[in-house]
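Visitor: One structure, pasted below without further comment.
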């Protein structure tokens, strides 16, 4: 599937992306195994950027490795750890390395991670990173200085369809659309009726929406996410379904649920694709795709 | 006002180890209001130190006074003479006060008695909340009088991040999400258009450090 992500988005195909996290350390064997497993099965692989504010190998290098291995990388970029100079510099570097798809994020707060005493940067937030990308493409940096050679990117952003309250979230979504976001990968959705209502609204805009699918691995994990993860709401019926899985069969049940949801999203045309986050269980992604008949 | 909190007693006592003659100088402005370094707190600290050193069998003279405002030269000149005979002075003022005192009394050793924390207001007695980062480029007129730079943990300008949940912040579920507050207030004011526009990245040049400001009338002096 080594078609550029932009081409894949424009093809009209049902888009599937997955996520790989770089290692904490220099041993990239597992990361490469995950890339190898996914690269021919999905349209793009997101490489997370110090995910959950935990210091790791850079997403830029991770994307370079995806590219070297023949996959399609999606560079996640947050404004938490780098100021506008470092972000633009990395965007130019990414472009030179042939990494042309970027997901712009504000970034989790530094206090949630493993360097709680570090200085959070937040010089640019998600919207401003998006706009910086569009400015660089015009041949200028955001300081107004001309570039010798301009990059070209396919730029995306995130949205939380089940945010409560939803209005401020939608206001920001619209700003991101106006700033030229071409695709959105959403926070995990579980209640497809709620998600459909979001899509009734979001469908009016000329952007591709990939529904976030987070693999459930146990009823406990589902309950934990309901209590602790912003914008995620796993319905009781799904928690009961997970709890009812036979002993040792919870992961299989989670795969089945994820596959079923993806199938429904595709068959009913609810969204343009899905973004699968199998946090820590990347090896289950091919099984999810199989369960989804993809 | 500037909000500070007194350093822990043991830290202050350790700083004074080996001294024989110490002066504690309070400030009766901001740090007095936030009950960290005013006249009352200076008296309390001096008494505690005297008792504690006496208990240890150590002979140390601790004297005290409080000036109206340690960050203002005019007030400080009233006490400078008094300080000359001391080995060191513990300033209970904010960091600005400590530094003016150190400048004016050089080479006297000045130690800080408080940790200076933030610019805040008093929502209720005994509680102070940070409400201003002194960013030098105020947007309160557009955000319904709620500062996103200060009240949002990430200081972002264009709406909530993905970490907000039921109006609370991802950093601490006890804390309100600044952008939910801003949205709700502007909604009541009928002024949501204020924040529908894109806010550009902040201009950090207006906040370059150390900042300095001279009033028109005094320019050229």
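The values are calculated or read from the model by the stated rules, or taken from the named source; none is laboratory data. What you see is a predicted model, and the numbers here were worked out from it, not measured in a lab. All Cβ positions, even for glycine, are placed from backbone atoms using ideal geometry, and neighbour counts span all protein chains on display.
Visitor: Just checking, how many residues over the range B:186-221 are under 29 Å from the mean Cα position of the chain (by Cα), over 21 Å from residue B:149 (Cβ atoms) and either within 14 Å of chain A (Cβ to nearest Cβ) or assigned to a helix (DSSP H, G or I) (or both)?
Guide: The qualifying residues number 3.
Visitor: Among the residues of the range B:130-157, count how many are at the interface with chain A (Cβ under 8 Å from one of its Cβ atoms) and under 17 Å from residue B:204 (Cβ atoms).
Guide: 4
Visitor: What tally of residues in the range A:70-97 results from selecting those that are part of a helix (DSSP H, G or I), more than 14 Å from chain B (Cβ to nearest Cβ) and in contact with a strand residue (DSSP E or B) (Cβ under 9 Å, 6 or more places away or on another chain)? Lay out the reasoning, then the answer.
Guide: Filtering the range A:70-97 down to residues part of a helix (DSSP H, G or I) leaves A:84-96.
Checking which are more than 14 Å from chain B (Cβ to nearest Cβ) leaves us with A:89-96.
Checking the rest, the ones that are also in contact with a strand residue (DSSP E or B) (Cβ under 9 Å, 6 or more places away or on another chain) come to A:90-91, A:94.
Of the residues in that region, 3 qualify.
Visitor: Does residue A:82 satisfy being under 23 Å from residue A:150 (Cα atoms) and surrounded by fewer than 24 Cβ atoms within 10 Å (Cβ to Cβ)?
Guide: yes
Visitor: Residues being closer than 21 Å to residue A:213 by Cα and in a loop (DSSP other than H, G, I, E, B): count how many of those fall in the range A:1-49.
Guide: Qualifying residue count for the region: 13.
Visitor: Consider residue A:67 carefully, then state whether it is in contact (Cβ under 8 Å) with a residue 40 or more places away in the chain and assigned to a helix (DSSP H, G or I).
Guide: No: the conditions fail for residue A:67.
Visitor: Output the number of residues of the range A:274-294 satisfying the condition of being under 18 Å from the mean Cα position of the chain (by Cα) and not in a strand (DSSP E or B).
Guide: Residues in the range A:274-294 being under 18 Å from the mean Cα position of the chain (by Cα) and not in a strand (DSSP E or B): 11 in total.
Visitor: Of the residues B:162, B:155, B:136, only one is crowded, with 16+ Cβ neighbours inside 10 Å, under 22 Å from the mean Cα position of the chain (by Cα) and outside any helix (DSSP H, G or I); which?
Guide: Unique residue meeting the criteria: B:155.
Visitor: Within the range B:86-104, identify whether any single residue is modelled with pLDDT of 95 or more, more than 23 Å from residue B:2 (Cβ to Cβ) and in a loop (DSSP other than H, G, I, E, B), and answer yes or no.
Guide: yes
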